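To keep things clear, I will list the structure first and then write my remarks on it.
The values are calculated or read from the model by the stated rules, or taken from the named source; none is laboratory data. If you're wondering where the values come from, they're calculated on a predicted model, not measured in any experiment. With ideal geometry, Cβ positions are generated from the backbone for all residues, glycine too; neighbour counts draw on all protein chains shown.
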Amino acid sequence: MLMTCFLMILLTPFVESLNNGLTLTPPMGWLDWERFRCNIDCTNDPVNCIGEKLFMDIIDHMAADGFKDVGYEQVNIDDCWSLKERDAQGRLQADPKRFPHGIKYLADYAHSKGLKLGIYGDFGTHTCGGYPGSEDHLQTDAQTFAEWGIDMLKLDGCNSRVQDMDVGYPAMMRALNATGRPIIYSCSWPDYQRASGIKVNYTNIAINCNLWRNYADIQDSWDSVTGIIDYYGNSQDLFAWAAGPGHWNDPDMLIVGDFSLSYDQSKAQMALWAIFAAPLLMSNDLRKISPEAKEILLNQEVIAVNQDPLGKQGLRVLKSGNFEVWRRELSEKSLAVVLFYRATGGSDKEFSVSFKTLNITAAAVTARDLFAHKDLGTFKESFDARVNPSGVVMVKMTPQ
Ligand code: GLA
């Protein structure tokens with residue numbers, strides 16, 4: 001018997017997990033991709049191109065305009081930052097025309113302002129934009145990023161064999177662990193598997209990654225935002241349970257402050273990303289953002305829901321025509337509830353949702369409107385509110 005136990009221990013493979021202790025609440029910050037794409041033309045478009053100036057400007061605005069104060073911390077470089085060739089030692093190198101002082105300089109600059117720098121790589125031979133990928137270079141690239149003082153890595157999955165990801169993404173996790181530098185690890189792994197029709201093993205993903213993309217890229221449109229919300233609602237049984245302190249589902253960037261969303265739609269994206277316990281990575285131009293968009297992004301009551309320490313992802317509990325109810329359990333027995341009205345015309349409308357639908361057992365709750373910053377009073381048996389078309393009402397409920 002003893003011998004059998006001994007043999008079993010010997011034969012059980014040692015499973016290493018991501019041990020960086022990071023993202024106990026969803027990461028917050030900024031990522032260039034949706035707004036700035038692969039614009040490498042610093043000659044004709046020096047203000048918007050992927051280069052040192054853009055990131056220094058964003059770092060300055062994050063630190064000075066209140067974003068850092070409410071928790072936005074990461075400033076992340078996406079695709080198209082490197083040269084097309086590795087250096088003589090096989091290391092990735094930033095394009096020296098666009099990043100004249102190199103990436104370490106930017107990381108030092110972010111750190112000097114109390115912020116953090118993220119970077120982008122790819123699991124395959126090339127990134128989605130055609131720059132060198134990390135295939136066969138995982139250790140070297142992890143080491144390079146650590147030496148530069150990088151705090152977060154998004155590892156994309158273009159130009160790779162999707163069936164290798166179950167082994168390859170954990171290999172990068174181990175390479176990051178081995179650097180000794182705590183680096184948030186963002187994986188695109190499940191999204192590529194979903195797109196290829198492979199069943200995603202979220203248990204495995206959650207022990208290897210701090211966050212992971214489940215679904216298609218966000219675009220600057222309301223259709224894109226609602227497409228993601230629908231995927232999260234329709235497929236919640238597949239992956240909502242996998243979220244928790246240290247590991248989060250990532251529905252992609254916030255586009256609040258860009259060109260497409262109305263004021264109500266912007267609040268809707270912010271509210272639902274809070275219900276999703278999603279990473280809050282803005283992709284907008286903080287140098288010219290409207291006061292309304294800024295107010296939404298800086299809403300500390302909504303951010304507090306997103307960052308709730310219980311770390312439980314919320315779920316859609318009702319979908320009836322163009323009306324939805326979303327519910328997230330928070331610490332101290334309170335609840336965040338979003339009423340979402342998806343009409344594309346008409347006026348604001350009164351909705352009522354029963355305590356049964358909300359799974360509330362208390363006789364009464366108090367509700368606070370998190371966008372109006374107003375206590376709405378005590379409710380029994382049901383909650384009702386008027387909601388604008390393509391808009392939300394978001395409340396925090398506390399049992400009495
Ligand atoms: C993929 C990712 C995007 C972005 C681009 C960059 O499409 O999903 O988020 O990183 O690549 O090329």
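Here are some notes:
- Residues of the range 143-167 that are within 17 Å of residue 20 (Cα to Cα), touching a Gly at 6+ places or on another chain (Cβ under 9 Å) and not charged (D, E, K, R): 145, 146, 150, 152, 153, 155.
- Contact annotation: residue pairs with Cβ atoms under 6 Å, 6 or more positions apart or on different chains, pairing a residue in the range 366-384 that is surrounded by fewer than 16 Cβ atoms within 10 Å (Cβ to Cβ) with a partner that is modelled with pLDDT of 95 or more and not in a strand (DSSP E or B), are 381/355.
- Flag for residue 349 being touching a residue at least 12 places away in the same chain (Cβ under 8 Å) and touching a Lys or Arg at 6+ places or on another chain (Cβ under 9 Å): yes
- Any hit, the range 94-117, residues being polar (S, T, N, Q) and touching a helix residue (DSSP H, G or I) at 6+ places or on another chain (Cβ under 8 Å): no
- Given (1) in contact with a strand residue (DSSP E or B) (Cβ under 9 Å, 6 or more places away or on another chain); (2) not aromatic (Phe, Trp, Tyr); (3) not in a loop (DSSP other than H, G, I, E, B), index of the condition residue 294 fails: (1)
- Candidates in the range 134-159 are the residues that are within 12 Å of the ligand (Cβ to nearest atom) and not in a strand (DSSP E or B); of these, the one that is surrounded by the fewest Cβ atoms within 10 Å (Cβ to Cβ) is 159.
- Of everything in the range 49-82 that is free of Cβ contacts under 8 Å to residues at least 40 places away in the same chain and away from the ligand (no atom under 16 Å from the Cβ), the residue that is nearest to the chain's Cα centre (by Cα) is 69.
- In the range 174-219, residue surrounded by the most Cβ atoms within 10 Å (Cβ to Cβ) [restricted to those that are among the hydroxyl-bearing types (Ser, Thr, Tyr) and away from the ligand (no atom under 16 Å from the Cβ)]: 202
- All of 131, 120 fail the test of being of a type outside the set (Gly, Ala, Ser), over 22 Å from the mean Cα position of the chain (by Cα) and surrounded by 20 or more Cβ atoms within 10 Å (Cβ to Cβ), apart from 131.
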